[in-house]
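Read the structure below first, then the notes.
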């Protein structure tokens, strides 16, 4: 398993959890500053991979002024039949994997509660927070894009946000024309959000198995992520 990906520097990047504080001269009041744009990147991140960083870097090039939130899912509806790794461990791994990237922070918002996490609800929360005049994006890979008609409330999703898609190898943009249940306008909107990059495949199942087999996954995982996994015996590495 070998994926060649650019690695970002490991410098620290501190960003407030929900707001930026602006304190005027001689003032002690805080003013909430809304970002001009926000990109949301959700997933199970079990584990977070260098391929995920590639998607984030592609999104950053598209919208440099946006803040980016990585949102590990608590109970993704399409994975209710699979036990995800511990929420706290996946959150810690995401912070290790992504929070050194400029403008990126990790949010635990979907790790609270026991109900399935639906994308449209997450987007509705952020749209209400940003207001109607700010840009809101949902970032995904092309395999997830083709599954969009099967998601809960796809029309609502496309109403709330623009979709940014990083194509995976072999992706055929013509496949958008065959997506059921979407209007020509919606398909055109999805096509406009395809970014000029080709991402490596994300192979979480294979990586988990490779880790359990004692294989080196440094081509797929940040070394700090791999260290955390081994130190905590995740994915069968403690056997």
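The values are calculated or read from the model by the stated rules, or taken from the named source; none is laboratory data. Values in this document were obtained by computation on a predicted structure and should not be read as measured data. Glycine also receives a Cβ, built like all others from the backbone with ideal geometry; neighbour counts cover every protein chain displayed.
General remarks:
- Pairs, first in contact (Cβ under 8 Å) with a residue 60 or more places away in the chain and at positive phi in the range 214-239, second loosely packed, with under 13 Cβ neighbours inside 10 Å and assigned to a loop (DSSP other than H, G, I, E, B), C-beta under 7 Å, six or more apart: none
- Against the test of being farther than 18 Å from residue 220 by Cβ and out of contact with any helix residue (DSSP H, G or I) (no Cβ under 9 Å at 6 or more places or on another chain), the options 57, 99 yield a single qualifying residue, 99.
- Meets criteria (within 26 Å of residue 48 (Cα to Cα) and in contact with a helix residue (DSSP H, G or I) (Cβ under 7 Å, 6 or more places away or on another chain)) for residue 202: yes
- Qualifying residue in the range 48-56 (condition: closer than 27 Å to residue 84 by Cα, modelled with pLDDT of 95 or more, within 20 Å of the chain's Cα centre (by Cα) and assigned to a loop (DSSP other than H, G, I, E, B)): yes
Residues checked against (1) surrounded by fewer than 16 Cβ atoms within 10 Å (Cβ to Cβ); (2) out of contact with any strand residue (DSSP E or B) (no Cβ under 7 Å at 6 or more places or on another chain):
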residue: 88; (1), (2): yes, yes
residue: 100; (1), (2): no, yes
residue: 105; (1), (2): no, no
residue: 108; (1), (2): no, yes
residue: 113; (1), (2): yes, yes
residue: 118; (1), (2): no, yes
residue: 130; (1), (2): no, no
residue: 138; (1), (2): no, no
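- Counting only helices (runs of 4 or more DSSP H) that fall entirely inside the range 85-181 and contain at least 2 residues that are within 19 Å of residue 44 (Cβ to Cβ) and under 15 Å from the mean Cα position of the chain (by Cα), the qualifying elements are 87-98, 119-130, 142-146.
- Filtered residue count, the range 176-187, keeping only those that are under 14 Å from residue 146 (Cα atoms) and either free of Cβ contacts under 8 Å to residues at least 24 places away in the same chain or surrounded by 11 or more Cβ atoms within 10 Å (Cβ to Cβ) (or both): 7
- Taken together, 66, 92, 10, 88 contain a single residue that is in contact with a helix residue (DSSP H, G or I) (Cβ under 9 Å, 6 or more places away or on another chain) and at pLDDT below 95, which is 10.
- If only residues of the range 28-45 that are within 23 Å of residue 133 (Cα to Cα) and in contact with a strand residue (DSSP E or B) (Cβ under 9 Å, 6 or more places away or on another chain) are counted, the one that is modelled with the lowest pLDDT is 35.
- The one condition in (1) farther than 25 Å from residue 75 by Cβ; (2) under 20 Å from the mean Cα position of the chain (by Cα); (3) not in a loop (DSSP other than H, G, I, E, B) that residue 187 fails to fulfil: (2)
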